[in-house]
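Data block below; observations after.
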Amino acid sequence: VTNGVVSFQYSAYNPSLPLVFQVGPPPALGGGPAETPGVCWAAYLGGDGEDQVYASDVDAQDNYYVSGETYSQDVNFPVEIGQVTIQATRRAFATKFNSDDGLVWSDLYGCSTWPTDQVGYALTAKTNDFPGDVLFMGGIVSGNDLYHAAPDGAWHDYEEDGPCGFVAELDKGTGQIYWSTYFGGYGSAVYNMDIDKYGRLLLAGSNSGDLP
């Protein structure tokens, strides 16, 4: 870069073919060989509102999953195969890209009785090493009509107006939501999650009030 002008130096090439510059991050530091690749692909995700990605994971088949929040309208957010479960101003979402980087499905998720505080902060993809080809999403919701059919032992029903943590289980292939549950007391949130080697779901976050 010289005086705000970016120029390139390159070796000989066939002028009958397009000249392509692959632009990406610099090689990894540490004095090793410059083998770090540049950007493999990139895509916008969202619609006509503010959209943010907060978490991502890759499964054993190189499918890529992201979660976050969206203010976009349904007609603008790229919902492909999954379910639009709520009508709220700010909603959590989960999206799947396949191993060829193609968009497979998106789910919009949360409660409709409260217009804000619906965010997917955490995501983890369960591998085929354990029964069930599923995806877990966690975050924060507000409202008493969370889409959920919680299994026995899941905790708990919503008791107060205001933010509360949640956990949801989705089918990785279709985006179908199997079940979800509130988690924690008023002011709680799930910020991180992972699957251990025994297939158990581990959560981390903040909480004010009772925990299961």
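The values are calculated or read from the model by the stated rules, or taken from the named source; none is laboratory data. Given the structure is predicted, the values throughout are model-derived calculations rather than measurements. Cβ sites come from the backbone with ideal geometry, for glycine too, and all protein chains shown count toward neighbours. Keep in mind that these areas ignore ligands, DNA and RNA; they rest on the heavy atoms of the full protein, side chains included. Shrake-Rupley method; radii C 1.70, N 1.55, O 1.52, S 1.80 Å.
Tabulated data
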| read-out | value |
| --- | --- |
| Tabulated pairs, the stretch 1-21, first hydroxyl-bearing (Ser, Thr, Tyr), second open to solvent by less than 90 Å² (accessible area, probe 1.4 Å), C-beta under 7 angstrom, 6+ apart or interchain | Tyr13/Leu19 |
| Filter pass, Ala168 being modelled with pLDDT under 80 and of a type outside the set (S, T, N, Q) | no |
| Considering residues of the stretch 200-212 that are modelled with pLDDT of 80 or more and of a type outside the set (Ser, Thr, Tyr) only, the residue farthest from Ile140 (Cα to Cα) | Arg200 |
| Positions within the stretch 50-76 being farther than 17 Å from Gly110 by Cα and in a strand (DSSP E or B), in sequence order | Ser56, Asp57, Val58, Tyr64, Tyr65 |
| Residue in the stretch 155-162 that is out of contact with any helix residue (DSSP H, G or I) (no Cβ under 8 Å at 6 or more places or on another chain), at pLDDT below 75 and open to solvent by less than 10 Å² (accessible area, probe 1.4 Å) present | yes |
| Residue match in the stretch 60-67 (condition: within 10 Å of the chain's Cα centre (by Cα), under 20 Å from Asn207 (Cα atoms), modelled with pLDDT of 90 or more and open to solvent by less than 40 Å² (accessible area, probe 1.4 Å)) | no |
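Let's see how each residue does on (1) small (Gly, Ala, Ser); (2) at pLDDT below 85; (3) closer than 15 Å to Tyr54 by Cα:
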residue: Thr85; (1), (2), (3): no, yes, no
residue: Ala88; (1), (2), (3): yes, yes, no
residue: Asn98; (1), (2), (3): no, no, no
residue: Ser112; (1), (2), (3): yes, yes, no
residue: Val119; (1), (2), (3): no, no, yes
residue: Lys126; (1), (2), (3): no, yes, no
